[in-house]
Amino acid sequence: MPVYALEPEQHCWSEELRGLAAERLAPLTGEAAPGRLNRPLVAELGRLGLLARVVPAPVPEPAPDGKGPDSVSTVDLCILRESLARVTTEAETALALQGLGAGPLVEAGTTPQRARWLPPLASGAAVAAFALSEPQAGSDAAALTLTAEPDGAGRHRLDGTKTWISNAPEADVYTVFARTGEAPGAHGITAYLVPADRPGLRGEPLDMLSPHPLGTVEFEGVPVTEDDRIGPAGGGFRLAMRTLNRFRPSVGAFAVGMAGAALDASLHHADERRAFGGPLRRQQSVAHTLAEMATRTEAARTLVYAAAAACDRGDPDTARRSAMAKLFATETAQYVVDSAVQLHGASALRRGHLLEHLYREVRAPRIYEGATEVQRTLIAKELYR
């Protein structure tokens, strides 16, 4: 399998994205309190046409395989996420969360659902959330217990709790996964599109280390109908996994972007900072650390884009390659950011410093969308297929 390399026009697009992020997006960061939804930033992502890359315009009913005909390529998604993350992780995360929340709708939504919600989600006028995780169903997502019980009037009532939900409780619409059958595990789970103004739905924010918006959402008899269902009854878990699988390599791209930002800052600091009679970079231990940071970052980038290209081709080993990319890139980013903090010393721990921000941001991707341990288990299983 050849190593994937970006084409010259893709490099140019990446540079353009970084310029846009610096000029138009970075000034809007911090418009909301930490852990709360930054609507001005989301709206600007929409005005720049970037949200439309992850939330394509309404199209006819999706194909029987559930793949939306206008889905953005995984490689382009990775370029987008890495480029934004090099400049502003807040903008990158806002874009990614919108794509994740709208993912099931893009893949399997009905024509009326898509016509109603995709335009405002693409413009940034509305915000979506992907509501899968529960207090006792995180990595083991198939263990979810939120129920959708028939009420005898042709509707279902949602009861239960979702937690660690990105963009909650401020999202305008939720893609919710609920148990509708008696079958255990992944069977009997159905997806619903639930507007935030439905009676019985309430939420509260969570105060987390990671600075992006996360919350808990309570469902107390929230009514849903067949018109709210996304995809077939009982097909919700497969839809959730397809959505997560599509985004998994791009989580690695987000991590590579953070690693790149930390590396850039460290190269500048080691060149400018004088210690022991010369630039810090002349210290062998510092030079070797920079070399290790750069090598691991480049290796992670190669794995990410190779996995993304495999996804776009539909290669049979996509699951293994995506898991490897997500695993290695997120672990690498943790190492690179930690090393950058060490090289900078106490200044990097000051509130508001780039590395202080990255140090808090970089930890979560090793857990969400499949923790490091889950990726290793998946890789091992794929090796024996």
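The values are calculated or read from the model by the stated rules, or taken from the named source; none is laboratory data. Keep in mind the model is a prediction, meaning the values are calculated, not measured. Ideal geometry is used to build each Cβ from the backbone, glycine not excepted, and the neighbour counts take in all protein chains shown.
Of everything in the stretch 165-178 that is buried (at least 20 other Cβ atoms within 10 Å of the Cβ) and not β-branched (Val, Ile, Thr), the residue that is farthest from Gly35 (Cα to Cα) is Ala178. The residues in the stretch 245-287 that are out of contact with any Leu (no Cβ under 9 Å at 6 or more places or on another chain), under 14 Å from Asp338 (Cα atoms) and among the hydroxyl-bearing types (Ser, Thr, Tyr) can be counted, and the count is 0. The helices (runs of 4 or more DSSP H) falling completely within the stretch 20-94 that include 3 or more residues that are modelled with pLDDT of 95 or more map to 39-47, 74-87. Name the residues in the stretch 223-233 that are farther than 18 Å from Ala153 by Cα and either β-branched (Val, Ile, Thr) or crowded, with 16+ Cβ neighbours inside 10 Å (or both), would you? Scanning the stretch 223-233 gives Ile230, Gly231. Of all the residues in the stretch 179-222, those that are of a type in the set (A, V, I, L, M), more than 19 Å from the chain's Cα centre (by Cα) and either modelled with pLDDT under 95 or surrounded by fewer than 13 Cβ atoms within 10 Å (Cβ to Cβ) (or both) number 3. For the stretch 135-159, which positions are in contact with a Ser or Thr (Cβ under 6 Å, 6 or more places away or on another chain) and part of a strand (DSSP E or B)? Across the stretch 135-159, the qualifying residues are Ala148, Asp159.
Within the stretch 275-285, is there a residue that is assigned by TED's automatic domain parsing to the domain that holds Glu361, outside any helix (DSSP H, G or I) and in contact (Cβ under 8 Å) with a residue 60 or more places away in the chain? No; the residues of the stretch 275-285 include none that is assigned by TED's automatic domain parsing to the domain that holds Glu361, outside any helix (DSSP H, G or I) and in contact (Cβ under 8 Å) with a residue 60 or more places away in the chain.
Selection of the stretch 124-148 for residues being modelled with pLDDT of 85 or more and within 18 Å of Thr243 (Cα to Cα) yields Val127, Ala128, Ala129, Phe130, Ala131, Leu132, Ser133, Glu134, Leu144. Here Ala261 does not qualify as modelled with pLDDT under 95 and either in a helix (DSSP H, G or I) or crowded, with 20+ Cβ neighbours inside 10 Å (or both).
Scanning the stretch 138-152 for residues that are in contact (Cβ under 8 Å) with a residue 40 or more places away in the chain and in contact with a His (Cβ under 7 Å, 6 or more places away or on another chain) yields a total of 1. The single condition from (1) touching a strand residue (DSSP E or B) at 6+ places or on another chain (Cβ under 6 Å); (2) in the same structural domain as Arg157 (by TED's automatic domain parsing); (3) part of a helix (DSSP H, G or I) that Val222 fails is (3).
Entry remark, the stretch 4-18: residues being surrounded by 15 or more Cβ atoms within 10 Å (Cβ to Cβ) and aliphatic (A, V, I, L, M) number 2 in total. The test for being in contact (Cβ under 8 Å) with a residue 60 or more places away in the chain and in a loop (DSSP other than H, G, I, E, B) does not hold for Gly101. How many residues, within the stretch 322-350, are of a type in the set (Lys, Arg) and without any contact (Cβ under 8 Å) to a residue 60 or more places away in the chain? Residues that pass the stated criteria total 1.
Annotation: Lys381 fulfils all but one of (1) closer than 22 Å to Ala85 by Cα; (2) surrounded by fewer than 18 Cβ atoms within 10 Å (Cβ to Cβ); the unmet one is (1). Restricting attention to the stretch 281-326, the residues that are surrounded by fewer than 18 Cβ atoms within 10 Å (Cβ to Cβ) and among the polar types (S, T, N, Q) add up to 5.
Taking the stretch 160-206 and the strands (runs of 3 or more DSSP E) fully enclosed by it, the elements with 2 or more residues that are under 19 Å from Gly109 (Cβ atoms) are at 173-179, 189-195.
When Ser322, Ser347 are screened for being over 16 Å from Gly257 (Cα atoms), in contact with a Gly (Cβ under 9 Å, 6 or more places away or on another chain) and hydroxyl-bearing (Ser, Thr, Tyr), only Ser322 passes. Scanning the stretch 119-137 for residues that are loosely packed, with under 15 Cβ neighbours inside 10 Å, touching a residue at least 12 places away in the same chain (Cβ under 8 Å) and under 24 Å from Phe237 (Cβ atoms) yields one hit, Pro135.
What do you reckon, is Leu239 crowded, with 19+ Cβ neighbours inside 10 Å and within 27 Å of Ala325 (Cβ to Cβ)? So Leu239 fits the description; yes.
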